[in-house]
Ligand code: IVH
């Protein structure tokens with residue numbers, strides 16, 4: 001019999017797990033890592049095995065997900081959406097395969113190996129071929145109606161296509177329910193997080209939270225602005241078409257125009273399954289989605305039926321989880337860096353640790369609030385994560401491992417003076433960021449020079465961070481324009497700078513003089529002016545002189561710019577120091593105009609939606625062509641859309657255009673539009 005202490009531990013574990021599930025599924029804001037969560041469930045399961053009298057059917061070890069959020073209509077799944085049991089190593093996998101073999105009394109099943117996509121589980125229902133309803137998993141029995149949100153996802157067809165006659169004889173099926181994951185592609189996720197950070201907004205912890213957040217927007221128009229995707233991996237209720245295996249179902253979905261994972265393989269034995277697991281462990285970061293393991297399924301539906309399911313998971317499938325890309329390490333210290341805008345960013349100095357294949361010794365803490373929120377302190381054991389994003393992150397500290405002296409030391413504080421120049425550090429009211437108040441802070445200048453020379457700006461070959469540091473240390477450069485006044489003889493005096501290296505650097509500097517105005521604007525490090533804004537401004541004004549004489553209203557009137565950016569630009573050029581810098585750059589031979597010809601903005605004021613594949617343009621090229629002419633590209637069709645360009649296999653956006661009476665044009669008409677600025 002379990003004692004009172006055990007009873008209480010089990011209840012505490014259950015409460016904790018339910019709370020973590022609520023945070024994860026409903027708030028999209030987990031407070032523990034996946035590995036920590038899995039460990040809690042494993043601990044509870046272990047207690048329940050040792051004390052069966054404490055087990056209960058509603059224990060979180062037998063249930064999945066969390067109850068639906070009240071913001072969306074609750075919908076009952078016609079067939080329960082199950083979860084999966086996990087294994088973490090080869091032994092676990094082989095033990096599962098043995099249970100399968102026993103269950104099938106020696107029959108040798110084929111296995112389907114799929115990547116385990118770390119997304120938001122969803123059921124998509126087609127009735128008589130038409131997308132009728134999309135529902136989140138919720139607690140597995142009841143989920144939330146997110147049909148309108150899912151309709152905005154690129155690649156989710158409104159109608160399923162008829163596959164080849166050889167595959168089906170009647171079409172469309174009365175009911176076809178596909179299950180899958182909605183995900184936020186990793187590259188887009190990284191870009192979005194960078195943009196959020198630049199805008200001073202909090203970063204998303206991982207792509208799954210970002211996907212969940214986007215899907216849970218009450219206004220589907222907001223969901224439509226996010227680059228969500230769907231990948232299908234499972235069969236729900238299907239009526240009106242015969243399907244006898246998992247592989248056949250995936251082929252049917254593919255033929256019907258639903259997205260399936262290209263990585264999926266059907267294999268004949270468990271050795272081949274293991275090879276698949278090992279291969280994707282190595283290639284873990286190649287797919288467009290974040291994955292946390294491999295799902296292995298017995299292919300044949302007859303076999304699946306014989307094996308059956310527990311209340312929580314099918315016996316015919318198993319999830320192999322890759323080791324977490326999180327590690328614990330010691331936080332040696334918290335230091336701050338001063339960036340090119342003067343912004344002071346705290347970062348963690350870590351005892352180097354291997355995470356996701358790379359050694360991490362530094363990790364950003366973003367700003368004072370973020371650092372205080374995490375409450376990490378030098379001497380703590382911290383959890384370091386690398387997720388969907390190349391930037392490593394400190395998740396938090398391990399409370400049970402905090403030494404008493406660290407506890408006594410109290411929370412970390414932002415230093416009051418800059419470690420590089422001793423000037424006061426200031427935090428403006430209402431802003432998350434702190435700044436070094438010295439405009440000439442040596443570290444700020446170093447970061448500015450490195451940025452000026454970087455790829456997206458003047459792209460000066462041979463002038464990287466280290467060289468920039470050397471030039472500043474030797475006082476050969478004390479502002480950006482000094483780069484164009486360097487003397488060969490001075491450079492030859494630098495340590496490890498032979499004639500060849502010097503000449504390469506000078507050649508790199510010389511050729512950067514021809515960079516167009518938009519690159520120079522990026523390099524000048526004006527607040528809010530990144531590549532896109534710089535391009536819009538350069539295209540509009542064509543020359544630096546025209547920009548310098550334009551007032552804020554004229555700058556704000558440039559499509560895509562607006563008053564905040566305009567003020568920043570005006571503020572920059574009005575500052576006499578900057579004006580002198582620009583003059584000095586011009587005197588050094590730097591080009592002050594662009595090849596964009598003014599008056600070419602034939603699509604000024606146009607909002608265009610692209611759907612389907614074009615023959616003559618990639619999606620990016622088409623977008624660029626529109627933007628180069630002053631037009632805007634959006635991802636969802638609304639009453640404000642000027643035209644929808646429909647290529648091959650247009651998605652639901654073409655239907656939406658017809659519905660709203662928005663002009664729907666083909667590729668030829670698009671070419672005419674680009675050339676003339678008018679619809680043919
Ligand atoms: S099959 C009855 N296949 O992982 C089988 N699930 O941790 C149910 N997941 O609830 C799931 N990739 O949301 C399956 N290729 C895949 C998957 C996958 C991701 C999710 C799914 C499931 C969860 C279990």
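Mind listing just one residue for me: the one in region 463-478 that is surrounded by fewer than 16 Cβ atoms within 10 Å (Cβ to Cβ) and assigned to a loop (DSSP other than H, G, I, E, B) and, of those, modelled with the lowest pLDDT? Here the residue is 464. As for region 491-506, it holds no residue that is touching a residue at least 60 places away in the same chain (Cβ under 8 Å) and in contact with a helix residue (DSSP H, G or I) (Cβ under 9 Å, 6 or more places away or on another chain). Return the residues of region 38-82 that are at pLDDT 85 or above, under 25 Å from residue 326 (Cα atoms), within 16 Å of the ligand (Cβ to nearest atom) and buried (at least 16 other Cβ atoms within 10 Å of the Cβ); say none if nothing qualifies. Scanning region 38-82 gives 40, 41, 45. Residues in region 237-258 that are touching a residue at least 60 places away in the same chain (Cβ under 8 Å), surrounded by fewer than 19 Cβ atoms within 10 Å (Cβ to Cβ) and touching a strand residue (DSSP E or B) at 6+ places or on another chain (Cβ under 7 Å): 5 in all. Cβ separations smaller than 9 Å between residues 6+ apart or across chains give the following pairs from region 100-117 residues that are modelled with pLDDT under 95 to residues that are more than 16 Å from the ligand (Cβ to nearest atom): 107/101; 108/101; 108/268; 108/269. Restricted to region 301-323, and to residues there that are part of a strand (DSSP E or B) and within 9 Å of the ligand (Cβ to nearest atom), the residue that is surrounded by the most Cβ atoms within 10 Å (Cβ to Cβ) is 317. Among the residues making up region 126-145, those that are surrounded by fewer than 24 Cβ atoms within 10 Å (Cβ to Cβ), touching a residue at least 24 places away in the same chain (Cβ under 8 Å) and either assigned to a loop (DSSP other than H, G, I, E, B) or more than 16 Å from the ligand (Cβ to nearest atom) (or both) are 126, 127, 128, 129, 130, 131, 133, 139, 140, 141, 145. Taken over region 146-170, the residue count meeting the criterion of being out of contact with any strand residue (DSSP E or B) (no Cβ under 9 Å at 6 or more places or on another chain) and crowded, with 16+ Cβ neighbours inside 10 Å is 3. Taking the criterion of being in a loop (DSSP other than H, G, I, E, B), away from the ligand (no atom under 16 Å from the Cβ) and buried (at least 16 other Cβ atoms within 10 Å of the Cβ), the only residue of region 87-108 that qualifies is 104.
Report whether or not residue 443 is in a loop (DSSP other than H, G, I, E, B), touching a residue at least 12 places away in the same chain (Cβ under 8 Å) and surrounded by 15 or more Cβ atoms within 10 Å (Cβ to Cβ). Considered against the rule, which asks whether it is in a loop (DSSP other than H, G, I, E, B), touching a residue at least 12 places away in the same chain (Cβ under 8 Å) and surrounded by 15 or more Cβ atoms within 10 Å (Cβ to Cβ), residue 443 comes out as no. Of the listed requirements (1) assigned to a helix (DSSP H, G or I); (2) within 13 Å of the ligand (Cβ to nearest atom); (3) crowded, with 19+ Cβ neighbours inside 10 Å, residue 274 misses just one: (2).
The values are calculated or read from the model by the stated rules, or taken from the named source; none is laboratory data. From a predicted model like this one, the values you see are computed outputs, not experimental measurements. Glycine gets a Cβ as well: all are built from the backbone with ideal geometry, and neighbour counts include every protein chain shown.
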